[in-house]
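The values are calculated or read from the model by the stated rules, or taken from the named source; none is laboratory data. In this text, all values refer to a predicted model and were calculated from it rather than measured experimentally. Cβ sites come from the backbone with ideal geometry, for glycine too, and all protein chains shown count toward neighbours.
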Amino acid sequence: MPENNLSKIAIILVNYNSSQFTLECVQSIQESTAAALPYEIVVVDNRSRKEEWEKLAPLAQNSRVKLVRSRFNGGFALGNMLGVNAATASVEYYYFLNNDCLLKNDVLSILHQFCEQNASVALCSGLMYGPEGQVQVNFDYFPSLASKLLGTSLLRLFFPKKFPPKRVPSQPLAVDLLSGSSMFVRASAFRQIGGLDVNYFLFCEEEDLALRLRRAGHAVYLVPEAHFIHFESGSGPKTYPMQREFYISFLYFYRKHYGIGACWVLQLFLFFKLLRKFHKSTDYVRLAWFVGRGAPVRASLRLQQSLAD
């Protein structure tokens, strides 16, 4: 690994029972990144099965890689914060990269140079491709009560600048938020706002991070010159426990940023929206009742586990 005082970028990967993805991701980073760029890779294993953890053993021989194992799966935010804690303290940027991503070009150098040339930018990412090579739109608007009640298509008629059409840009584009699969973050700004909020387990971390950075006066950009593949792009909560986890994070986000009143209105709206789908599956009735009760954190999957040996 480069000398600690020379490492400018800490790339943080969180592994959970997907070690082959992690190994291939690390390989793509090393093959795609300019040799002159000083960086380190921190791999955090989030309480994977023993055999999955053991698959990461070859990384211990890699001079650029630090391996960290957590005995408790605290989720995306906590896993990445463990990586921040293990990274060299003086790094200038953190790159939070999903382990199921591959870099298609020198993403690190491109994003690093963009941030160095644009001091107002605290968060950026490249253009995301799906596993079949299709371009994915990996930016979004901040969720708000108005957007959930009325929809962004209607709001765009009245606020076209705030809700521009989601198109793949050819030039760097200022956006509200970016997909959490790839987030290149200025370390000074990240430290200023206190890092990732570890109260989130699996969802809404990127919305929270981008909103806090924007409120602190920093810019967020999509830089289409950088290209990466995300193999699980487009996947969302499918099972009842995962949908329930989504609403835990979603309502926490609204309570935190928009207040109890807005959250209560949203709960009521979601309750009836979910209940209307009762004929499709009884899970919608269960979700409606769960949301109506405020999606209590005590039901989180985070709390339904034991410590690893």
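Of note:
A quick yes/no check of all residues on (1) buried (at least 17 other Cβ atoms within 10 Å of the Cβ); (2) part of a strand (DSSP E or B):
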site: 37; (1), (2): no, no
site: 60; (1), (2): no, no
site: 67; (1), (2): yes, yes
site: 79; (1), (2): yes, no
site: 85; (1), (2): no, no
site: 94; (1), (2): yes, yes
site: 105; (1), (2): no, no
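- Summed over segment 243-298, residues that are loosely packed, with under 13 Cβ neighbours inside 10 Å and closer than 30 Å to residue 215 by Cβ total 7.
Let's see how each residue does on (1) among the β-branched types (Val, Ile, Thr); (2) more than 24 Å from residue 221 (Cβ to Cβ):
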| residue | (1), (2) |
| --- | --- |
| 83 | no, no |
| 90 | no, yes |
| 103 | no, no |
| 108 | no, no |
| 120 | no, no |
| 126 | no, no |
| 135 | yes, no |
| 157 | no, yes |
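- Conditions (1) of a type in the set (Asp, Glu); (2) touching a residue at least 60 places away in the same chain (Cβ under 8 Å); (3) buried (at least 18 other Cβ atoms within 10 Å of the Cβ): number failed by residue 45: (2)
- Considering segment 107-137, the residues that are among the β-branched types (Val, Ile, Thr) and either surrounded by 14 or more Cβ atoms within 10 Å (Cβ to Cβ) or not in a strand (DSSP E or B) (or both) include one that is farthest from the chain's Cα centre (by Cα), namely 110.
- Residue pairs whose Cβ atoms lie under 7 Å apart, separated by 6 or more positions or on different chains, with the first residue in segment 65-78 and in the same structural domain as residue 96 (by TED's automatic domain parsing) and the second of a type in the set (Asp, Glu) and part of a helix (DSSP H, G or I), are 76/205; 77/205.
- Scanning segment 17-35 for residues that are without any contact (Cβ under 8 Å) to a residue 60 or more places away in the chain and either under 19 Å from the mean Cα position of the chain (by Cα) or crowded, with 23+ Cβ neighbours inside 10 Å (or both) gives 17, 19, 26.
- Flag if residue 59 is in the same structural domain as residue 125 (by TED's automatic domain parsing), in contact (Cβ under 8 Å) with a residue 12 or more places away in the chain and in contact with a helix residue (DSSP H, G or I) (Cβ under 7 Å, 6 or more places away or on another chain): yes
- Matching option when the condition is surrounded by fewer than 16 Cβ atoms within 10 Å (Cβ to Cβ), assigned by TED's automatic domain parsing to the domain that holds residue 219 and assigned to a loop (DSSP other than H, G, I, E, B), among 160, 143: 160
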